[in-house]
Structures are given as structure tokens and as C-alpha cells.
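To start, the structure itself, in C-alpha cells.
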Amino acid sequence: MRTYAQISYAQLGIALVLMAVTLALSRLEKLDLEKDLLLATFRSFVQLMAVGYVLEAIFHTEKWYWVLLTLGVMTVVAGRTAARRSKDIPNSGWIAILSVGIGGLGTLGVLVGLGIIKASAWYVIPISGMILGNSMNATTIAMNRISGEIKLRRAQIETALSLGATSRQAVDPALKAAAKAAMIPNINSMMTVGIVSLPGMMTGQIIAGQPPTEAVRYQIVVVYMITAAVTVAGLSAALLSYRQFFTKEHQLIGE
Amino acid sequence: MINRLDDPSSGSIYLDGEDTRNINILSLRRRIGMIFQSPSVFDGTVEDNLHYGAQLVGEKTDAAKLLERVGLGEEFLQRNAGSLSGGEQQRLSIARTLATNPEILLMDEPTSALDPAARIRIEELVTKMNRDGLTIVFVTHDMEQARRIGTQTMLLVGGRMIEESPTDEFFTSPQTKTAKLFVEGKLT
């Protein structure tokens, strides 16, 4: 196994040159993004350094409740972020947190339960980061799309209801469109993984000295896991969201 | 409101003496078919559209016969529903609703989005369906249209029923001041 080449704080400082170049380009082209770039540079540095220390502390304690708390915080933050783009859906915050949780943590639970992923903070937290991030994006897309589709297809939905369809039956084409929209970006990236992109986890393992043939096996599990999480999160988000647009008597709410 | 796509803020609606709120909503909507102002067809062929209502309850329907009832030929069956003209789409909507064997057909200004030729054909169809025994509640703002096709006329103003009488009587000798003003075209 190759030895892992560390990055020193001095080298980290030198990498800031890249941000200086970005700032200079923004200024030169009058993009007016200097303030945002400075803030983003500062925030990414502080957030990542902080998370490094937090993870190191959790990994060393190996206490299950710290791991659960971390997963809980990650799920809530991901859910709240996803809900921000769908404020027109009542209870969007809960729906998003639940969808991200069911998709992300559910999939993770299955793999840990089957013994494919080791039940250890070292494995569970970094992998859940990837799954929750993807579940968050799928939830955002599904919620955004279902709300748009229901507005767009209002006449068609009311026609279906008038023919005796339940709200679930009437909204079926909108649900399918939302679920597909949530899944397609992931299917696209599955198609091109290894050709167009080398995924972060695999890259990390290779840099850390793992043989590529071993790193890809892990990555394949992660790709399948993300796909399952995205599908479950997207479908959950669409199914939970559409109900907010109907009464219990299958009446479409609002004009 | 009659088929409870929406509920009244006050008051009740009765069907054969029974409060519509006490009837299973899905069966109520099949008993009272509805045609909207602008026709709305589902993705797929004319035949797919005609089967929609029946499929919801696991039944089959004679698509060609339904088309015949609304004056469209069998050659329409495999056509994309979205490619039909406005008038044809409205007739398809009527056929699709007839597939659920409604007791009453609620038509909410079904001709207001159509050209005059299509409007006449829909009016002829409505008159024929009514003569064949189907009860039709036809909502219109067009007095002449109400006169042409109605048998019983009810004037609603601001959500309240002002007058109800046989159509001929309603237009020749309205009983209320509001109905009189309406018939004279002076109701603002």
C-alpha cells in the first residue's frame, strides 16, 4: 500500500493562491462577486476545519449516541435546506426532513444491517454524508416539481377527480414526472461514472493508498446505495407533498 | 359544488333528498358527471381517454359506441387526444363522462371556449341527450342559449336562487323583479 501524503497548513495556505486568482478574475471582469467569494472562502475553511475536529472527536469516542446525534443533525439540516425551495407546500419542512431521513438513513440502515458497511463511526458518518447530500437534492427536485406539475395540470387533475378518481389517481402523471425528475440526474451520473467523473470517495481512497481495484468495489456499493436513497427520498417527497394539495374528500385546494 | 369538487361555505346540496355530504364522494362524482368550460384531455389516444373512468373501477367500456353517441366516428379512436380541435375535444370529454353512466350531467359553460359551429353541434348533442332521458344541469351566461336548449330555468345571482320555472315561462313572464331585469338585459 502506498503511504498517504499529508497536506501541511503551509501548503493549505499556498492553495489560497487559487482563491486570490478567482478574486482577481472577478474584479477584472467586474462580476461583483468579490464579497461573496471572500465570505465563501472563509466559511468553507472554518466549516471544514471545524467538522474535521468534530469528526476526529466522534471517531475517537466511538459512542453510538454521538453518531446518532450527528446523523440526526445532518438529516435535519439537509431537510431544511431542501424545504427552502418549496415554501408553497404546507409542512414542507417536515416532509423534507422525513423524506431525506427515510431515503438516506433507511438505505444506510439496510446496508449496515446486511453487514456490507461496518457499523462504525469511521464508515457510517462519511458515507451518510454522501447519501444524505444526494437525498437532499432528490427531495428538493421532487418537491419543487410536484408543486409545479399540480399547478400546471390543475384542469386535468380536476377532470380526473370529476370522473371519480381519488386524489392519488388524479395526480399520478404529476407524481411520475416528479419522481423521474428526482432520479434522472443520478441515473445520468451512474451512466458516466468512471468515464466522465471519478467519484469523491473512490478518489479519496486511492489518494489514501488503497489499490484502485479495491476502491472501485466500495464505490460501486456507494453508487447503488445513492441510487436507492435518491429513489426512496424522491418518491417519499412527492407522495408526502401531493397530499398537501388535497382535502380528505379528494378536493383540490386553492385556485 | 354539485359534485363536491368544492364545498359551499354555507347551505347544503341534496341529491334525491339526500345531503351530498352524506354520499361517498367518489360514487357521487360518478353519479354526477361534469363537463368543464375548457375541455381537458388526458395524454394518450382518444380510446385511452374513453377508458379512463371505467378503468378506475375495473370496468370495461365500448369506446366506439361512446364516440357514436357524441357524433364522432370510430376513426377517431386511435388519434392523439391532444390533436383534436376544441369542439372535438369537448365532445370527447362528454363521451368520456358518459362512460361512467352518470345520472346527471353537470355542464359548466361547455361552449364558451368554442367557435360558433362547434357550439351549435354541442347544443344539438345536449338537446338529444336530454331527450334520451339524461338530466342535464347546464350553466350558461348566454340567455339565448338557455332559451334554445333549456326545459327548466333557474336564475342564480350572487350564489342565491332567485327564480325557477319552465324555460318558456321564465323568459315570457318572469315572476321576480330581478328575473325581469335579467330577461330585459338590464341586470347589472
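Rule-based calculations on the coordinates, nothing more; no lab input. What you are looking at is a predicted structure, and each value in this text was computed from that prediction instead of being measured. When we count neighbours, we look across all protein chains shown, and the Cβ atoms used for this are built from the backbone with ideal geometry, even at glycine.
Overview of results
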{"read-out": "Exercise: per-residue mean of other protein chain Cβ atoms within 10 Å, B:26-39", "value": "3"}
{"read-out": "Amide H partners (placed H, <5 Å) of B:Glu163, local residues excluded", "value": "B:Leu155"}
{"read-out": "Using alpha-carbon coordinates, inclination of helix A:34-61 to the longest axis of chain A, degrees", "value": "80 degrees"}
{"read-out": "Estimated distance in nm for a label pair at A:Met190 and A:Leu33, the labels positioned 7 Å out from Cα along Cα-to-Cβ", "value": "3.2 nm"}
{"read-out": "Rounded to the nearest 20 debye, dipole of the protein assembly as shown from Cβ charges on Lys, Arg, Asp, Glu", "value": "1420 debye"}
{"read-out": "Inter-centroid distance (Cα atoms) of the range B:112-177 relative to the range A:28-57, Å", "value": "69 Å"}
{"read-out": "Relative contact order [Cα under 8 Å, 6+ residues apart], chain B, whole percent", "value": "18 percent"}
{"read-out": "Spin-label model distance (nm) - A:Tyr224 vs B:Ser112, 7 Å beyond Cα toward Cβ", "value": "5.8 nm"}
{"read-out": "Extended-chain gain in nm, criterion 0.36 nm per residue less alpha-carbon gap, A:Gln251 and A:Tyr9", "value": "81.0 nm"}
{"read-out": "Value at 222 nm in deg cm²/dmol, rounded to 500, when DSSP H runs of n ≥ 4 in chain A each add -39,500 (n - 2.57)", "value": "-25000 deg cm²/dmol"}
{"read-out": "Nearest 10 degrees, 0 to 90: helix B:116-131 Cα axis against chain B principal axis", "value": "80 degrees"}
{"read-out": "Residues with amide H under 5 Å from that of B:Leu84, placed H, sequence gap 5 or more", "value": "none"}
{"read-out": "A:Ser197-B:Glu184 pseudo-label distance in nm [points 7 Å out on the Cα-to-Cβ vector]", "value": "7.5 nm"}
{"read-out": "Long pairs among B:Lys128/B:Lys177; B:Lys60/B:Lys128; B:Lys128/B:Lys180; A:Lys35/A:Lys180, criterion Cα-Cα beyond 27 Å", "value": "B:Lys128/B:Lys177; B:Lys128/B:Lys180; A:Lys35/A:Lys180"}
{"read-out": "Burial ordering of A:Asp172, B:Asp48, B:Asp115, fewest other beta-carbon atoms within 10 Å first", "value": "B:Asp115, A:Asp172, B:Asp48"}
{"read-out": "Gaussian network model of chain B, Cα within-10 Å springs - most flexible of B:Leu98, B:Leu50, B:Leu156", "value": "B:Leu156"}
{"read-out": "Order of B:Val157, A:Val232, A:Val73 under a 10 Å beta carbon neighbour criterion, fewest first", "value": "A:Val73, B:Val157, A:Val232"}
{"read-out": "Which of A:His60, A:His250 has the fewest Cβ neighbours within 10 Å, and the rest in rising order", "value": "A:His60, A:His250"}
{"read-out": "Net charge contributed by nearby residues that have their C-beta within less than 13 Å of A:Arg145 (K/R +1, D/E -1)", "value": "+3"}
{"read-out": "Estimated D of the range B:14-144 in µm² per second, where Rh is the Kirkwood radius over Cα pairs and Stokes-Einstein applies at 25 °C, 0.890 mPa s", "value": "162 µm²/s"}
{"read-out": "The range A:65-82-the range B:20-94 distance, computed between alpha-carbon centres (Å)", "value": "48 Å"}
{"read-out": "Using alpha-carbon coordinates, inclination of helix A:172-192 to the longest axis of chain A, degrees", "value": "20 degrees"}
{"read-out": "Added length on full extension, which subtracts the Cα-Cα distance from 0.36 nm per residue, A:Val51 to A:Val110", "value": "18.6 nm"}
{"read-out": "Long-range amide H partners of B:Met34 with built H, under 5 Å", "value": "B:Leu106"}
{"read-out": "Spread of Cα-to-Cα distances over 10 Å intervals beginning at zero, given as percent, for the range A:152-250", "value": "14, 32, 21, 16, 12, 5, 0"}
{"read-out": "Added length on full extension, which subtracts the Cα-Cα distance from 0.36 nm per residue, B:Met154 to B:Glu103", "value": "16.4 nm"}
{"read-out": "Sorted peptide list for A:83-94, A:144-155, criterion being average Cβ within 10 angstrom, highest first", "value": "A:144-155, A:83-94"}
{"read-out": "Residue-wise HN-Hα coupling along the range B:87-99, computed from phi with Karplus coefficients 6.51, -1.76, 1.60 (Hz; x: Gly, Pro)", "value": "x, 5, 5, 5, 5, 4, 4, 5, 4, 5, 6, 4, 4"}
{"read-out": "Computed [θ] at 222 nm, helices only, for chain B once each DSSP H run of length n ≥ 4 contributes -39500 (n - 2.57)", "value": "-11000 deg cm²/dmol"}
